[in-house]
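The values are calculated or read from the model by the stated rules, or taken from the named source; none is laboratory data. All values reported here derive from a predicted model rather than from experimental measurement. All Cβ positions, glycine included, derive from the backbone under ideal geometry; neighbour counts span all protein chains shown. Note: areas computed on protein heavy atoms with side chains; ligands, DNA, RNA excluded. Shrake-Rupley method; radii C 1.70, N 1.55, O 1.52, S 1.80 Å.
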Number of protein chains: 2
Amino acid sequence: MILELWCRANNAVKRGDPLALRRSSGRETMTPAARGASMTIASHALTPMLRKLRLWRHLTAREEEALLNLPHHVISTDRLQTLVNDGDVVSHAWLILSGFCVRFKIVGDGGRQILSIHMMGDLLDLQNAILGVADHGIQTLTKCEMARIPLAAIKTLTDVEPNIKDTLWFDTLVDGSIHREWVANVGRRSGKTRVAHLLCEFALKLEAVHPGDQLKYELPMTQEQLADATGLTSVHVNRVLQALAADGLIQRVTSKSILIGDWKKLATAGDFNRSYLHLDAAVRRAGTS
Amino acid sequence: MILELWCRANNAVKRGDPLALRRSSGRETMTPAARGASMTIASHALTPMLRKLRLWRHLTAREEEALLNLPHHVISTDRLQTLVNDGDVVSHAWLILSGFCVRFKIVGDGGRQILSIHMMGDLLDLQNAILGVADHGIQTLTKCEMARIPLAAIKTLTDVEPNIKDTLWFDTLVDGSIHREWVANVGRRSGKTRVAHLLCEFALKLEAVHPGDQLKYELPMTQEQLADATGLTSVHVNRVLQALAADGLIQRVTSKSILIGDWKKLATAGDFNRSYLHLDAAVRRAGTS
DNA sequence: CGCGAATTTGATCGGTTTCAAGGACCGTGG
DNA sequence: CCACGGTCCTTGAAACCGATCAAATTCGCG
């Protein structure tokens, strides 16, 4: 249901002829007509990015305009599409317009570790693009609409708009902060705590991009993906979810629909402290300056 | 012994009257005379930073000069000093001139997770400073010499020197890449693999700032700290180290001195692929442009 | 309705933790 | 130079959390 709301929120994006990403090639294909369409019609396609960046720093109207005018094209993907592979040479950033994605790594024994979960407004892969070679993969969890933005255009823009560069830098720093929390999460917390922590993080990130009461939401992940994110197995995740439900911390209407029964208790069980998300950065900044 | 070499390399730094950091307050104390001394005499104190930043991007002579002229003062610390606590309001960055530091988090049950290990030339806490509130702590592993640089000065400099800003941004992105590798390391690898991976990473980072054969080095960490970095217990780290030695992957002359017996085997055992360190970024950049 | 994917359950196994105690090392002071 | 004390390393045995394996059940969807 939340997904539906988002689609409505994004209805400025023309999707008359959504372009499916080919699973085999991993690169988008696009007719000249479609390319032209996405460049001109979808002039406000990038608005989800603003909602996110405004959390970090104040942007002037001119700066926001410049961000919206970044060249891009919009792509529709199936679920479970791998957009970027570890080792790829990357020259574009991805912006999520709708849907959910993860970043991940594959380790030697074939195990997979999800590094972060992303949603509408998140600018993905700017890290990979600036570093030049991808050190991790990117995969969609659900059907997504993504905007593909050339790094060169971002460079050109940030070179003349220092405040935008600072904002994007800040955005990547928050990513780093979340990584650090995840290191602690998978390194030093029990299975139950890890899962509870993830549920809290997801609720708060949802709330940030889509204000409203996010105590009930659809978790766009299978238990196996949840396991990959928490460093557990899917079997154990299943048992942990049951335990959380038994304690009344969550209720599970369907398998993926999470209803947080008691936020305070869940946050305590998840050893969750929102400060690492830095969601109050703009508020704090405004208050002190 | 490596530490000795480094001290010699840093002998431009005047340390006549090292200023001990007070354990209780966590803030440096400094006589006016000493402050003046560190500002003027140690004009090349910041050179270790250049060696690191040159790995990421080319810097012009003027830019390097500007970086060296950043206002700062030099501080000597004991081992196990906590320089920054989670939650601190941060207005300075720390540059390591000699010695080793870690970044860490404390989780709910009192457990500690080390997030990254740092050495000469590493610019610490720029993340915390830009984000405003520290989301993690910083502690010295050994006696260190640190330069404390006001964030305001870095801001002023990077606003007029975009290439320096890009370089520092790149530096924080590499930090993020290392964080991602650590998430995968503690999340999805066995104890033995985790420890082997850490030993490989440390050798390579040493090599980067202090070229020479780093197959033998002093690991500036106790087994308990190794455990905090790998998400294990010190008892288990002890057993893992013995196992690695039994397999001939490492030799242990003293408890902390690591001699890598077979780099290839250790890298394989540690599922280690250096690409996430992005140490070849400058090389690659030079080759393609 | 029927198929494949995802969830759930049970039983067993094993890597890692925990607890506890002994021993080695190192810096310090006498 | 040695004695001392504290930190760190090492070892053993037992307990436990989470993994593994396998099978049954439910869910989602065309």
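Within the full protein context, the accessible area of A:H58 is estimated at about 150 Å² for a probe radius of 1.4 Å.
Shown is the FRET efficiency for A:D280 and A:T222, computed with R0 = 35 Å from the Cβ-Cβ distance and rounded to the nearest 0.05: 0.60. Between A:N69 and A:A153, the contour length at 0.36 nm per residue exceeds the Cα-Cα span by 29.2 nm. In the range B:83-130, comparing the full protein assembly with the chain on its own, the residues that lose 40 Å² or more of accessible surface at a 1.4 Å probe are B:K105, B:V107, B:Q113, B:L115, B:I130. Taking all Cα-Cα distances within the range A:86-130, those exceeding 15 Å account for 50%. Computed from protein heavy atoms with a 1.4 Å probe, the total accessible area buried between B and A is close to 4100 Å². Extents of the range A:211-289, largest first, come to 50, 24, 22 Å (Cα atoms, principal axes, whole angstrom). For the range B:81-222, take the convex hull of the Cα atoms, compute a quarter of its surface area, and give me that in nm², please. About 9.4 nm², averaged over all directions. Distances between equivalent label points of B:D109 across the copies, with each point positioned 7 Å along Cα→Cβ, amount to 2.1 nm, shortest listed first. For the range A:199-232, a decrease in accessible area of 50 Å² or greater in the assembled protein chains relative to the isolated chain, with a 1.4 Å probe, applies to none of its residues. Look at the stretch B:185-194: the mean tally of other chain Cβ atoms within 10 Å of its residues' Cβ atoms is 6. Accessible surface of the range B:179-238, 1.4 Å probe: 54 percent of it comes from carbon and sulfur atoms.
Using the 1.4 Å probe convention, the accessible area of the range A:189-288 works out to 43 Å² per residue with neighbouring protein chains retained. Counting from the shortest, the label point at B:A245, 7 Å from Cα toward Cβ, is 5.0 nm from the same position in each remaining copy.
When only alpha carbons are used to place a centre, the range A:43-83 and the range A:87-145 end up 16 Å from one another.
Please report the relative contact order for the range B:42-149, taking Cα pairs under 8 Å with a sequence separation of at least 6, and give it as a percent rounded to a whole number.
40
The accessible-area loss of the range A:259-289 on complex formation, taken against its chain alone with a 1.4 Å probe, reaches 50 Å² or more at A:H278.
Selection among A:A203, A:L173, A:V186 by position relative to the dipole of the range A:170-248 gives A:V186 as farthest towards the positive end (Cβ unit charges, Cα centre). Distances between equivalent label points of B:R62 across the copies, with each point positioned 7 Å along Cα→Cβ, amount to 2.5 nm, shortest listed first.
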